[in-house]
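S.K.: Pasting in a structure now, in structure tokens, and then I'll have a few things to ask.
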Amino acid sequence: MMERARGDGVDAADSFDPLRPMLTRLAYRMLGSVADAEDVVQEAFLRWLSADRAAVDVPAAYLRRTVTRLCLDQLKSARVRRETYIGPWLPDPMVEDGAAVEEEADVTLPLMLALERLSPLERAAFLLHDVFGVGFDEVAATIGRDAAAARQLASRARAHVREARPRYRLEKQRGLDIARAFFEASRSGDTELLGAMLADDVGLWSDGGGKRSAAVVPVLGKKLVLKVQRSIAVLLRKYPSTLLHMGLINGLPGFVTREADGELQTTALDIEEGRVVAIYVMRNPDKLKHLH
């Protein structure tokens, strides 16, 4: 009996592990949390372990359905937690590791924030169909609606997130060059150069989660952002930060630094027509643990 149980576990892992990266990406995009996504995928594996796997024709579809439904359950409590969250909420930063999936390359941080404004079912329908390429019959079975309703949910979601889609694809190296120039200007206190890089209606969102200092409301407009950056530059000259990585963060050019308090920080820049239109700074240590 013990040998059989061990064999079942190996069989389950052999069929599950190749799908784990895809399932984790789906869960992360549903929840915006790396830790929660990993917990959901592990729960899906435990359910797969006890399932009648011989009766499952398409394991990928079965597991997508399991993960999506677990995420829908999670989102009920997540919405309550977000209502009491201190300051702007940003999704956990995902730093490009060179293994980005082409069909998901445009799921950038602004799009993930737009997804937050959707209902859980709209988010599931949009991600499954528009991002992961799942047919509406499977989407319908996953969310417990008929195909027509699933189409309507995805269409409604598409209309809401249209503005968050990149208007044009920024060439990666160009974006990284701007990010490096931004880093150097913000650290040196060169406000003239920094101001030239910012759009007039630029916004700054910083997520400290009440754990580290951060603006509790978004800072909007070039003058306000420059004022904040000038204050940061003064502090950085006294307590310099260390650049650890320059690359894509949630699909946007940015960088990872170690700050004077020893904690990590990520900065992601949304760039349009060569100007920075949004700055997203993650300072909440709970959301940076996976980067260590």
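The values are calculated or read from the model by the stated rules, or taken from the named source; none is laboratory data. This is a predicted model, so every value here is computed, not measured. Every residue, glycine as well, gets a Cβ built from its backbone with ideal geometry; the counts of neighbours run over all protein chains shown. In case anyone asks, the SASA skips ligands and DNA or RNA and just uses the protein heavy atoms, side chains included. Shrake-Rupley method; radii C 1.70, N 1.55, O 1.52, S 1.80 Å.
S.K.: What do you get for the angle between helix 2-16 and the principal long axis of the chain? Use alpha-carbon atoms, 0 to 90 degrees, nearest ten.
M.R.: The angle comes out near 50 degrees.
S.K.: Let me ask something additional. Normalised by the residues of segment 224-292, what does the relative contact order come to in percent, with Cα pairs under 8 Å and at least six apart?
M.R.: Reported relative contact order: 19 percent.
S.K.: Take the alpha carbon atoms of segment 169-195, find their center, do the same for segment 216-292, and report the distance between the two centers in whole angstrom.
M.R.: With segment 169-195 and segment 216-292 each reduced to a Cα centre, they are spaced 11 Å.
S.K.: Translational diffusion coefficient, Stokes-Einstein: compute it for segment 22-94 using the Kirkwood radius over C-alpha pairs as Rh, at 25 °C and 0.890 mPa s, and state it as an integer in µm² s⁻¹.
M.R.: 187
S.K.: Right, something else. Using a 1.4 Å probe over the heavy atoms of the protein chains, calculate the carbon and sulfur portion of the accessible area of the chain as a whole percent.
M.R.: Ligands and nucleic acids excluded, carbon and sulfur reach 52 percent.
S.K.: For segment 150-255, just run the numbers: alpha carbon Rg, then divide by 2.2 N^0.38 Å, N being how many residues it has.
M.R.: 1.28
S.K.: Can you pull the accessible area of Met22 for me, 1.4 Å probe, Å² to the nearest 10?
M.R.: Looks like 30 Å² after rounding.
S.K.: With a 1.4 Å probe and all protein chains in place, put His292, His160, His129 in order of accessible area, largest first.
M.R.: His292, His160, His129
S.K.: Right, here's the next one. Before rounding to the nearest 500, sum -39500 (n - 2.57) across all DSSP H runs of length at least 4 in the chain and divide by the residue total; then give [θ] at 222 nm in deg cm²/dmol.
M.R.: Helix-only estimate at 222 nm: -16000 deg cm²/dmol.
S.K.: Relative contact order for segment 137-225: what percent, with Cα pairs under 8 Å and sequence separation of 6 or more?
M.R.: Relative contact order of segment 137-225: 15 percent.
S.K.: Using the basic label-point model (7 angstrom from Cα toward the beta carbon), what is the Glu184 to Arg79 distance in nanometres?
M.R.: 4.7
S.K.: From Cα coordinates alone, what are the radius of gyration and Dmax values for the chain in angstrom?
M.R.: Rg and Dmax of the chain, Cα atoms, are 20.9, 73 Å.
S.K.: So what does Leu75 come to for accessible area, using a 1.4 Å probe and Å² rounded to 10?
M.R.: Only protein atoms counted, so the area is about 0 Å².
S.K.: Which ³J(HN,Hα) values in Hz, rounded to whole numbers, follow from the phi angles of segment 115-124 under the Karplus curve 6.51 cos²θ - 1.76 cosθ + 1.60, where θ = phi - 60° and Gly and Pro get x?
M.R.: 4, 4, 8, 8, 6, x, 5, 4, 4, 5
S.K.: Would you kindly state the longest site-free stretch of the chain, with sites defined as trypsin sites (Lys or Arg not before Pro) in a DSSP loop (not H, G, I, E, B) surrounded by at most 12 other Cβ atoms within 10 Å?
M.R.: Here the longest segment lacking exposed loop sites spans 170-292.
S.K.: Treating the angle as unsigned and between 0 and 90°, give the value, to the nearest 10°, between the Cα long axis of helix 59-83 and the longest Cα principal axis of the chain.
M.R.: The helix 59-83 is inclined about 50 degrees to the chain.
S.K.: Compute the FRET efficiency between Ala196 and Asp39 as 1/(1 + (r/R0)^6), taking r as their Cβ-Cβ distance and R0 = 45 Å, and round to the nearest 0.05.
M.R.: For Ala196 and Asp39, the calculated efficiency is 0.50.
S.K.: Can you work out the accessible area per residue across the chain, with the rest of the protein chains kept in place, probe 1.4 Å, in square angstrom?
M.R.: It amounts to 51 Å² per residue over the chain.
S.K.: Give me the net charge for the shell around Thr68: Cβ to Cβ below 11 angstrom, other residues only, Lys and Arg +1, Asp and Glu -1.
M.R.: That works out to +3.
S.K.: Tell me the label-point distance for the pair Arg230, Glu273, using the 7 Å Cα-to-Cβ offset, in nm and rounded to one decimal.
M.R.: 2.7
S.K.: Sum up the charges of everything whose Cβ sits under 12 Å from the Cβ of Ala140, counting Lys and Arg as +1 and Asp and Glu as -1, but leave Ala140 out.
M.R.: 0
S.K.: Which FRET efficiency value, to the nearest 0.05, is calculated for Asp177 and Val56 with the Förster distance at 41 angstrom and r the Cβ-Cβ distance?
M.R.: Calculated value: 0.25.
S.K.: Under 5 Å between amide hydrogens, which residues at least 5 positions from Val276 or on another chain qualify, with H placed 1.01 Å from N in the peptide plane?
M.R.: Long-range HN contacts for Val276: Leu198, Ala199.
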